[in-house]
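Just below is one structure, and these are the notes that go with it.
The values are calculated or read from the model by the stated rules, or taken from the named source; none is laboratory data. Predicted model, so just to flag it, every value in this text is computed and none were measured. FYI the Cβ positions are ideal-geometry reconstructions off the backbone, even for glycines, and counts take in every protein chain you see. Just the protein is used for accessible areas: all its heavy atoms, side chains included, with ligands, DNA and RNA removed. Shrake-Rupley method; radii C 1.70, N 1.55, O 1.52, S 1.80 Å.
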Amino acid sequence: MLMVVLSVFCLFPVYWMIVTSFRPANSIFETSLWPSAASLDNYVYALDAIPIGRMLVNTLLVSALVTVAQLLTGLLAAYAFARWRFPFDKIIYTLIALTWLVPFQVVMIPNYLLVANLGLLDSLAALILPHFAGALAVLLLAQAMRSFPKEVIEAARMDGARSWRILWEVLTPNLRGTIASLAILIFISTWNEYFWPLLLSRTPENSVVQIGIQMFMTSEGTAWAPLMAAATLASLPILAIYVLLQQQVIQSFTKSGIR
């Protein structure tokens, strides 16, 4: 019963967002659980006011590329830390762990200057480049590889498999659950990113959907109904991923504890 109450409490804001997106402008502050006159005008207005379709594609592209990049770099770095010994390996691993504790806002200005010097302002490449590698991916995958049975790896070596083959044909297939959980966490985190795109974006066509939602908030006031319509459209891909992969989403939070 408690879980049902908590579920309703968590889902009600999402429900209220969807309901508000169907309300006419003159009844936006109604307290009824369903609008008296439901309409799709807010969605039509949101689609006309900003290029939300292009923004959704941009957000999907950036999120997917960041996820793939962090998984690839994480797998390579994690294998090095888990299976090899080299000078200062523990110090380097500790430094990577410490970077996880530093908020991205702290290094935002240096990253901005770097991107500006590279001439990548107002581009999707600038949104991807600073997130090309992530400490969470390295730490989580290294922990998973360290707990992997060494006997299996030794048997692969006796069969003539080298490190590259062991990584991609032995370790990676057996860590599918961990990789899928990590991919979901990275994708959702990148999808919800706001401050970095806000700092770099100059034109709506090269921006992401989170910036598009913010465009309905102006000095003249907030267009709540179109904002809720845009927020609903922005939430649909994430909600679809959660519905399809809800078991992996739950496992991602249980497996993301670094011991």
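Looking at the P(r) of segment 74-118, how many percent of alpha-carbon pairs lie beyond 11 Å?
Within segment 74-118, distances greater than 11 Å cover 73 percent of Cα pairs.
What spacing in nm lies between the two simple spin-label points modelled at Thr73 and Leu98, each 7 Å away from Cα in the Cβ direction?
Taking the simple label geometry, Thr73 and Leu98 are separated by 1.9 nm.
Take the Cα atoms of segment 128-230, find their three principal axes, and give me the spread along each one in whole Å, biggest first.
71, 23, 19
I'd like the orientation of helix 108-117 relative to the chain: the angle between its Cα long axis and the longest Cα principal axis, in ° from 0 to 90, rounded to 10.
90 degrees
If you add up the charges near Ala80, with Lys and Arg at +1 and Asp and Glu at -1, over every other residue whose beta carbon is less than 15 angstrom from its beta carbon, what do you get?
Local net charge: +4.
With the full set of protein chains in place, find how many percent of the accessible area of the chain is carbon and sulfur; take the probe as 1.4 Å.
Looking at the chain in its full context, I get 70 percent from C and S.
At what distance in nm do the modelled label points of Asn26 and Ala125 sit from each other, each positioned 7 Å from its Cα along Cα→Cβ?
5.2 nm
Taking the Cα atoms only, what angle lies between the long axis of helix 2-21 and the longest principal axis of the chain, rounded to 10 degrees?
50 degrees
Cα atoms only, the chain: Rg and Dmax in Å?
Cα only, the chain: 22.2, 74 Å (Rg, Dmax).
Would you mind putting 56-63, 160-167, 102-109 in packing order, based on average other-beta-carbon counts within 10 Å, highest first?
56-63, 160-167, 102-109
With θ set to phi - 60° and the Karplus curve 6.51 cos²θ - 1.76 cosθ + 1.60, what are the ³J(HN,Hα) couplings of segment 225-235 in order, to the nearest whole Hz, using x for Gly and Pro?
In residue order, the calculated couplings are 5, x, 4, 5, 5, 5, 5, 5, 4, 5, 7 Hz.
Under the rule of -39500 (n - 2.57) per DSSP H run of 4 or more residues, summed and divided by the residues of the chain, what mean residue ellipticity at 222 nm is obtained, to the nearest 500 deg cm²/dmol?
-20500 deg cm²/dmol
Kindly express, to the nearest 10 degrees and within the range 0 to 90, the angle between helix 89-99's C-alpha long axis and the longest C-alpha principal axis of the chain.
Value to nearest ten degrees: 10.
Report the Rg/Rh value for segment 1-98, based on alpha-carbon coordinates and the Kirkwood definition of Rh.
1.27
Got the relative contact order for the chain handy, in percent, Cα pairs under 8 Å and 6 or more residues apart?
Averaging sequence separation for qualifying contacts and normalising by length gives 33 percent for the chain.
I'd like the accessible area for Lys150: 1.4 Å probe, protein heavy atoms, all chains in place, Å² to the nearest 10.
130 Å²
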